[in-house]
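*Asks:* Just dropping this structure here.
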Amino acid sequence: MKIICRSDHPTIAYAAEELARCLKRVTGSAVEPGCCCGCDEGIELGLMSDLGLAPPKIADPVLDDVVFVDVKGGGGIIAGINPRSVLLAVYRYLTELGCRWVRPGADGEYLPRLDKLPPVKISETPSYRHRGVCIEGASSVEHVTDMVDWMPKLGFNGYFIQFREGHTFFDRWYAHDGNPYLEGKHISAEEAREFRDKAVVEIKKRNLLYHGVGHGWTCEPFGIGGLGWEKDESEQPAEISQYLAEIDGERKLWHGVALNTNLCYGNPKVRDIVTSEIVDYSAKHPEIDIMHFWLADGSNNHCECELCRDTRPADLYVRMLNELDKKLTAKGLNTRIVFLIYVDLLWPPEHEKIANPDRFILMFAPITRTYSEPFATDVPIPDPPPFERNKLAFPRSVAENIGFLRAWQADFKGDSFDFDYHMMWDHFRDPGYIPVSKIISQDARGLRDIGIEGYVSCQVQRSFFPTGLPMTVMGRTLWNRDIPYDKVADDYFAAAFGPDGKLAKGYLESISYLFGPPYVRGETPKVCPENAESLAKIGGVVDAFLPTIERNIATPPLPPLLRGGMKNLPPLQRGGEGGVCWAKSWFYLKHSAHICKLLASACEAGARDDKDAAKERWEATKRYVQEHEIILHPVLDVFFFINTLGWFFG
Ligand SMILES: [Zn+2]
């Protein structure tokens, strides 16, 4: 069998390598990569334009993907509109053959063994333009590169490294903050830049869209460090403090955090310094495909001086965006700029309007929303309440959030995506990962209805514990918004767990249901006998399921000779190469089961108003995850697990 690469683009060459690697294991026979002139037998790989295929009319061939597959037996075509699309097309083809990637890393790869390759014909454009993941949590460079490697396998197309070098995220991991059982060491900004560069190599290898920066433009241009949210109580010299937002008559760092400190945007000098810095940085970093320009983090922290007080923050922001656009245009830079609709900036401008919408992408970040409701437009959508400087309350209901988005959309008709947090905090409140997967499915479907062109998920990178279901639902539904949740879930459990996958699904549904995410979200009363009864049942559910887990961990992969006798089963249920992948899934499920028991007993004590027992049992839960971080770290972000659930236990 031969693979004929019709391009010398490195991403297409890599796509050919990946195809050869996987087909070799699927067919058990040799696959030769590389060019094979004069030979007609083989799979041709390349851009649609190079292979004589007419691409469908799409808006932007750099940002948008199109895949085309027509393979029969050992010959045919795998093509894409751009190099990234060719790689996505290879993974789409392999997915049709039954290959699955249930979590990042080699042990998450399930490749079936097939006697004969079935014919595959696909011509697809994904439902959404933006399908990305953003770095958050505590992350080693390998956690990031494993995620980047996994993403295109599920149809994602972009990766976002926040800040200039993502220092705070890398540092949390390498310092092992919050885990006394692991010895760590803080890293320098220079080390973070090395990690970032390694991640960028992997992003570029796959031709993914590289999003960069975001926060930091309000500090770095003024010589104030903005690597993370650390407190710095030192006074700023007058030549800097004159540019900071004046609140309650003072110009100083907002609660001592530079990153949370807004500036006096009514001052033209401030706007000039910030926008010039973005232009310089964009010119120096052409590798960043999509540049994020956000104001400070935090809320109710805008300037009250004479220049600012009568103008909404959003008006000053849009004024700055227009000034930035002019400067970029003058320099001949086509950099795409993301602007952020978030906290105080949810209130749209009253007067200013974005002059060149083609330059900009609206990023809607409903950070205060609930995950108990999906994006939907079949409920009344209210108008935003009046703007009251530094006295704003932020919307929790999804309908209110959509109301703010609509107010912005009235004047901005350009590109957009949702920047959301399902997998940042909320998934820890759903230890079975079922409702969180369902809400991701509904939200991904609903984005189109609210006029949004995709999703970049701000999240911990290790978000595959107990399963990779939520991330799989995210990838597959952003690709095809019409795919039903159950179809993805049934397929996922069969791929990740093998023949007993259905049992694992049923078990996790019980776990999720008994925990009740709205309770762990703090949306229902904390002391509640009814919830205590539910939580009390979790230990029994776990104990009843542990023998199934143990049996599956103990079962070695089926020996090759037995495979012939299983031909009548669908590919995913054959022995194949499921061994390591399945065993690892059961291994993680076993640790999750122990954690669920501990966590449920802590929550139950809380629901019965026994604060001391709740605290003691939460400490035991914490200790378990800390002690096991060394084996669970590829799938579980212990730092955020403890921070998120620690909040629930006060
Ligand atoms: Zn001001």
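*Asks:* Restricting attention to the alpha-carbon atoms of the range 231-270, what are Rg (one decimal) and Dmax (integer), both in Å?
*Replies:* In order Rg, Dmax, the Cα atoms of the range 231-270 give 9.5, 28 Å.
*Asks:* Also, I was wondering about something else. About the Cα centre, and with charges only on the beta carbon of Lys, Arg (+1) and Asp, Glu (-1), how big is the dipole of the range 174-237? Nearest 20 debye, please.
*Replies:* Working: 8 positive and 12 negative charges, 116 e Å.
Taking the Cα centre of the range 174-237 as origin, the dipole is about 560 debye.
*Asks:* Rounded, prolate or oblate: pick one for the range 1-113, where a ≥ b ≥ c are the square roots of the eigenvalues of its C-alpha gyration tensor, a/c under 1.5 means rounded, and failing that, prolate if a/b is larger than b/c, else oblate.
*Replies:* Details: a/c = 1.88, a/b = 1.21, b/c = 1.56.
Because a/c hits 1.5 or more and a/b fails to exceed b/c, the range 1-113 counts as oblate.
*Asks:* Turning to a different aspect of this structure: Would you mind computing, in nm to one decimal, how far apart the modelled labels at Val201 and Glu96 are, each placed 7 Å from Cα along Cα→Cβ?
*Replies:* Modelled inter-label distance: 3.4 nm.
*Asks:* Can you give the Kirkwood hydrodynamic radius for the chain, in Å, rounded to one decimal and based on Cα pairs? Working shown, then result.
*Replies:* Numbers: mean 1/r = 0.0382 Å⁻¹.
Its Kirkwood hydrodynamic radius stands at 26.2 Å.
*Asks:* Show me the trypsin sites (Lys or Arg not before Pro) within the range 81-172 that DSSP assigns to loop and that have at most 12 other Cβ atoms within 10 Å of their Cβ.
*Replies:* Working: sites: Arg84, Arg92, Arg100, Arg113, Lys116, Lys121, Arg129, Arg131, Lys153, Arg164, Arg172; in loops: Arg113, Lys116, Arg129, Arg164.
Filter output for the range 81-172: Lys116.
*Asks:* For a test of the definition: using alpha carbon positions, the gyration tensor, and the 1.5 limit on a/c, classify the range 326-383 as rounded, prolate or oblate. Provide the component values of the computation, followed by the final result.
*Replies:* Values: a/c = 2.83, a/b = 2.24, b/c = 1.26.
Verdict is prolate for the range 326-383.
*Asks:* Please go through the range 171-220 and write out the GluC sites (Glu not before Pro) that DSSP classes as loop and that have at most 12 other C-beta atoms within 10 Å. Mind dumping the intermediate values first?
*Replies:* On the way: sites: Glu183, Glu190, Glu191, Glu194, Glu202; in loops: Glu183.
Sparse-neighbourhood loop GluC sites (Glu not before Pro): Glu183.
*Asks:* Right, another one. Express the carbon and sulfur contribution to the solvent-accessible surface of the chain as a percent, rounded to the nearest whole number, probe 1.4 angstrom.
*Replies:* Details: 13200 of 25390 Å².
Using a 1.4 Å probe with all protein chains present, the chain comes out at 52 percent carbon and sulfur.
*Asks:* Which residue, chosen from Gly432, His215, Pro180, occupies the Cα position most advanced towards the positive end of the dipole of the chain, where the dipole is computed from +1 (Lys, Arg) and -1 (Asp, Glu) charges on Cβ about the Cα centre?
*Replies:* Gly432
*Asks:* Hey, another quick one. If the chain between His186 and Ala238 were fully stretched, how many nm would it gain, using 0.36 nm times the residue separation less the Cα-Cα distance?
*Replies:* Numbers: separation 52, 0.36 × 52 = 18.72 nm, distance 3.13 nm.
Fully extending the segment from His186 to Ala238 adds 15.6 nm.
*Asks:* Give or take rounding to whole Å, what are the principal axis extents of the alpha carbon atoms in the range 355-440, in descending order?
*Replies:* Projected onto the principal axes, the Cα atoms of the range 355-440 cover 46, 31, 28 Å.
*Asks:* Using 0.36 nm per residue of separation minus the Cα-Cα distance, give me the extension gain between Asp482 and Ala54 in nm, one decimal.
*Replies:* Stretched fully, the Asp482-Ala54 segment lengthens by 151.5 nm.
*Asks:* Moving on. List the residues, sorted by chain then number, that are 5 or more residues from Val257 or on another chain and whose placed amide H is less than 5 Å from its amide H.
*Replies:* Here the answer is Asp232, since their amide H atoms fall under 5 Å of that of Val257.
*Asks:* Can you tell me which aspartates and glutamates have their Cα less than 18 Å from the Cα of Lys331? Leave out same-chain residues fewer than eight positions away.
*Replies:* Asp272, Glu277, Asp280, Glu287, Asp289, Glu323, Asp358
*Asks:* Here's something else I'd like to know. If contacts are Cα pairs under 8 angstrom and at least 6 residues apart, what is the relative contact order of the range 346-416 in percent? Working shown, then result.
*Replies:* On the way: 69 pairs, mean separation 36.7, N = 71.
Taking the mean separation of contacting Cα pairs over the length of the range 346-416, I get 52 percent.
*Asks:* Could you tell me which residue out of Leu259, Ile630, Ile247 lies farthest along the dipole of the chain toward its positive end? Charges go on the beta carbon: Lys and Arg +1, Asp and Glu -1, centred on the Cα centre.
*Replies:* Ile630
*Asks:* Which value in deg cm²/dmol, rounded to the nearest 500, describes the helix-derived mean residue ellipticity at 222 nm for the chain, given -39,500 (n - 2.57) per DSSP H run of n ≥ 4 and division by the residue count? Present the calculation step by step, with values, prior to reporting the outcome.
*Replies:* Values: 20 runs with 268 residues, N = 650.
Taken over the chain, the calculation gives -13000 deg cm²/dmol.
*Asks:* Can you spot the lysines whose alpha carbon is less than 26 Å from Lys327's alpha carbon? Ignore those fewer than 8 places along the same chain.
*Replies:* Excluding near neighbours in sequence, the set is Lys269, Lys284, Lys353, Lys413.
*Asks:* In Å², and per residue, what accessible area does the chain have when probed at 1.4 Å with the other protein chains present? If you can, show how the numbers build up before the last one.
*Replies:* Working: 25390 Å² over 650 residues.
With the other protein chains kept in place, the chain gives 39 Å² per residue.
*Asks:* Dipole magnitude of the chain about its Cα centre, charges +1 at Lys/Arg Cβ and -1 at Asp/Glu Cβ only, in debye to the nearest 20?
*Replies:* 1880
*Asks:* Give me the dipole magnitude in Debye, nearest 20, for the range 4-127 about the Cα centre, with unit charges on the beta carbon: positive for Lys and Arg, negative for Asp and Glu. Spell out each step's value before the answer.
*Replies:* Working: 13 positive and 17 negative charges, 78 e Å.
Once rounded to the nearest 20, the dipole reads 380 debye.
*Asks:* Towards the positive end of the charge dipole of the chain, with charges on Cβ (+1 Lys, Arg; -1 Asp, Glu), say which of Thr168, Gly75, Thr377 has the farthest Cα.
*Replies:* So the residue furthest toward the plus end is Gly75.
The values are calculated or read from the model by the stated rules, or taken from the named source; none is laboratory data. No experiment lies behind these values; they were computed from the predicted model shown. Neighbour counts run over all protein chains shown; Cβ positions are idealised from the backbone, glycine included. Heavy atoms of the whole protein, side chains included, go into the accessibility calculation; ligands, DNA and RNA do not. Shrake-Rupley method; radii C 1.70, N 1.55, O 1.52, S 1.80 Å.
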